Amino acid sequence: FELVIKTAFSKKRKTIKNNFKNILFDQDFLNLKIAPNDRAETLSIEQFINIENYVTQNKINFYCWYNSTVFLGVKMKIILIGAPGAGKGTQAAFLTKEFGIPQISTGDMLRAAVGEKTELGLKAKDFMNQGKLVPDNLIIDLVKLRINKSDCKNGFLLDGFPRTIPQAQAMIDAKIFIDYVIEVSVPDNEIIKRLTGRRTHPASGRIYHITFNPPKKDGVDDVTGESLIIRDDDKESTIIKRLKTYHEQMEPLVKFYSDLSNQNTINELIFISIDGLDNPDNINAKIVKKLK
Ligand code: AMP
């Protein structure tokens, strides 16, 4: 027999290897290869049964047997964290494409539910209008249902969830183990610069930026020559308020996940903080490098 464990990412490979060593230790050996080029070890039938048990207990995300070879794969279950204006959307687009996973934005799902006036939408509407968080139980059920859908077979990217420690804990309790928590970190003063520079042409929705994408003539739309406006969302006072809320909500979660990451548990979660003061391609390259 030969056992080949294949996973996409070397960090995971190490964890799986260590986990298997604990399970397999001190038994007769057949042939164990952790990665195609890795050192071979030997395994017994009992050990295969152990592996079967281990895998079915859902600590490894998915696997398949092929003759006497077992292929273990990792799903990519990612939580993406970033303040408004940190460039989270661009990174989400890169990551979902790279790993073939859907982006699950609880904000978008709730807005859709409100628009469709579903039961959830009716319950969530007032909280959202007041800028408050929707109660944990509603949002947790919503996310659990969503990630059971078939498009999540390779994993998923969560955006806007979790926002509270009970939401994060609910994922762990439900044995939904996140692989990577990625924070795109940009200092507040830079975010304020990015967002307050936005100018909108209300009739067409065209967006400019006084530094990064200025109109040909200050304050007017390139196409119509009409005046540009600053939307309420882009006013400094609004942005400062949103950033304050963001920090209040996310700082405890960043601590929660970085602590988990340091504990090196069997369901290894890795917390990555990326400096978002760079162009989107470089930021993406930095993230991918950290994952592999
Ligand atoms: P967002 O687009 O992510 O800023 O979300 C918009 C609004 O939806 C928030 O202000 C909350 O009212 C609600 N919401 C989104 N995600 C969550 C969550 N994980 N927990 C509670 N409320 C949420």
Scan the strands (runs of 3 or more DSSP E) fully inside segment 174-292 and keep the ones with 2 or more residues being of a type in the set (Val, Ile, Thr) and closer than 22 Å to LEU157 by Cα. 180-185, 270-275
Tabulated pairs, segment 127-139, first under 15 Å from ILE165 (Cα atoms) and near the ligand (Cβ under 6 Å from one of its atoms), second outside any loop (DSSP other than H, G, I, E, B) and of a type in the set (Gly, Ala, Ser), C-beta under 8 angstrom, 6+ apart or interchain: VAL134/ALA124
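To keep it simple, each residue is scored yes or no on (1) more than 14 Å from the ligand (Cβ to nearest atom); (2) modelled with pLDDT under 95.
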position	(1), (2)
ASP151	yes, yes
THR164	no, no
ALA168	no, no
PHE177	yes, yes
TYR180	yes, yes
VAL186	yes, no
Restricting the search to segment 225-249, which residues are open to solvent by 70 Å² or more (accessible area, probe 1.4 Å), under 26 Å from the mean Cα position of the chain (by Cα) and of a type outside the set (D, E, K, R)? ILE240
Specify the residue that is nearest to the ligand (Cβ to nearest atom); the eligible residues are those in segment 90-113 that are β-branched (Val, Ile, Thr) and modelled with pLDDT of 95 or more. THR106
Looking at ASN189, ASN262 in this structure, which one is open to solvent by 40 Å² or more (accessible area, probe 1.4 Å) and under 21 Å from ILE287 (Cβ atoms)? ASN262
Residue set ARG146, ARG194; condition away from the ligand (no atom under 13 Å from the Cβ) and surrounded by 13 or more Cβ atoms within 10 Å (Cβ to Cβ); output residue ARG194
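The values are calculated or read from the model by the stated rules, or taken from the named source; none is laboratory data. Since we're looking at a predicted model, the values are computed, not measured. Cβ coordinates were reconstructed from backbone atoms using ideal geometry, including for glycine residues, and neighbour counts include every protein chain displayed. The area values use the complete protein model at the heavy-atom level, side chains included, leaving out ligands, DNA and RNA. Shrake-Rupley method; radii C 1.70, N 1.55, O 1.52, S 1.80 Å.
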